[in-house]
Amino acid sequence: MSQFTKFMKTNKKVRENGFYAPTKSLCDEDGKPLEWEFRHITSGENESIREECTIEVQVKGKPNLYRPRVQTGKYIRKMIVESVVVPDLLDRELQNSYGVERAEDLLLAMVDDPGEYNDLAAFVQKFQGFDTSFEDKVNEAKN
């Protein structure tokens, strides 16, 4: 096999979906927390999410100078929603059962314990290949 052909898509490993039970408040008939299924998002999907969550913030004391700022909470929430395969957060019946109209709102309604939500965010970030959380990187950049 030539060096070039090693890079062909047929040689690329398929990343398997992962499973995680993000909340203890949704259980099966035996009382075991329900596992959700997660898929890996692509770099392109991640960039789209990041761009959607980036705003321009004026630099203090510089009237015509702006810098980009990622809205971290929004970014992580959208990354989680994009990663979830099961349950289908876009399902209208599921959204109606929680009285919400958007997948992001459904996520927050289903995982409504702040500690569980933070654990879910950490799981998804690690699952997506981020060794340190996005918030850790933001804090590191600030220091």
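Residues in segment 65-80 that are modelled with pLDDT under 95 and open to solvent by 60 Å² or more (accessible area, probe 1.4 Å): LEU65, TYR66, ARG67, PRO68, ARG69.
Each residue in segment 68-113 was checked for being polar (S, T, N, Q) and within 14 Å of GLU37 (Cβ to Cβ), and 1 pass.
If you take the residues of segment 14-64 that are part of a helix (DSSP H, G or I), among the acidic types (Asp, Glu) and under 28 Å from GLY115 (Cβ atoms), which of them is least open to solvent (accessible area, probe 1.4 Å)?
If we filter segment 14-64 for residues that are part of a helix (DSSP H, G or I), which is where we start, we get 43-52.
Those still in the list that are among the acidic types (Asp, Glu) too: 45, 47, 51-52.
When the remaining residues are screened for being under 28 Å from GLY115 (Cβ atoms), the result is 45, 52.
Details: GLU45: 54, GLU52: 105 Å².
Step by step, filter segment 14-64, then rank; the result is GLU45.
Number of residues in segment 68-117 that are touching a residue at least 12 places away in the same chain (Cβ under 8 Å) and not β-branched (Val, Ile, Thr): the value is 25.
Quick one: count up the residues across segment 81-107 that are open to solvent by less than 60 Å² (accessible area, probe 1.4 Å), within 23 Å of GLU16 (Cα to Cα), part of a helix (DSSP H, G or I) and not small (Gly, Ala, Ser). Qualifying residue count for the region: 2.
The values are calculated or read from the model by the stated rules, or taken from the named source; none is laboratory data. Small disclaimer: the values here were computed from a predicted structure and weren't measured. FYI the Cβ positions are ideal-geometry reconstructions off the backbone, even for glycines, and counts take in every protein chain you see. Remember, those area values only see protein heavy atoms, side chains included, never the ligands or the DNA or RNA. Shrake-Rupley method; radii C 1.70, N 1.55, O 1.52, S 1.80 Å.
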